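The structure appears below as structure tokens.
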Amino acid sequence: KNTLTQVSKNNFRNAIVEEINKYIAKQYRNGTTNISVAATPSHIVISISCHNINFPNFWGGEWISRWQIDLASHTIAGSVNIHNHYFESGNI
């Protein structure tokens, strides 16, 4: 049985957002990353999306991760998708 109240879930969510923002500031280039943290009755879902484009050097890429915290079983599951593209001058 889930014993967290909505207030404690929101406090937990806010603490997660604070820590993710610290992580993002340290690990990602400024202005490239967005996060989403949503609290449902049974889960907290975290999404991190980073888009990094460098046209002068002919490359671009993105990192998209999604993490789900199950509040009943106290488990975390997630996935990471990485897309990158390198191109020659004019060959997009």
Within the chain, helix-based [θ] at 222 nm, where runs of 4 or more DSSP H residues each add -39,500 (n - 2.57), nearest 500 = -8500 deg cm²/dmol
Carbon and sulfur %, accessible surface of the chain computed with the full protein complex present, 1.4 Å | 55
Roughly how many nanometres apart are two label points built 7 Å out from the Cα toward the Cβ at residue 30 and residue 88?
-> 3.7
So for R0 = 22 Å, FRET eff. of residue 7-residue 76 from the Cβ-Cβ r, to 0.05, ends up at 0.50
Among 23, 77, 5 the positive-end extreme of the charge dipole of the chain (Cβ point charges) = 5
So, with points 7 Å from each Cα along the Cβ direction, the residue 54-residue 66 label distance in nm works out to 2.9
Around residue 44: net Lys/Arg minus Asp/Glu count, Cβ-Cβ under 15 Å | 0
Per residue, how many Å² of accessible area does the chain show with a 1.4 Å probe?
-> 72
Please identify the GluC sites (Glu not before Pro) of the range 18-92 that satisfy two criteria: DSSP loop assignment and at most 11 other Cβ atoms within 10 Å. Which are they?
-> 88
Ordering 65, 47 by the accessible surface of their heavy atoms, 1.4 Å probe, largest first, yields 47, 65
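The values are calculated or read from the model by the stated rules, or taken from the named source; none is laboratory data. Since the model is a prediction, treat every value here as computed from it, not as a measurement. Reconstructed Cβ throughout: ideal geometry from the backbone, glycine too, with neighbour counts over all protein chains shown. We work out accessible area using only protein heavy atoms, side chains counted, and drop any ligands, DNA or RNA first. Shrake-Rupley method; radii C 1.70, N 1.55, O 1.52, S 1.80 Å.
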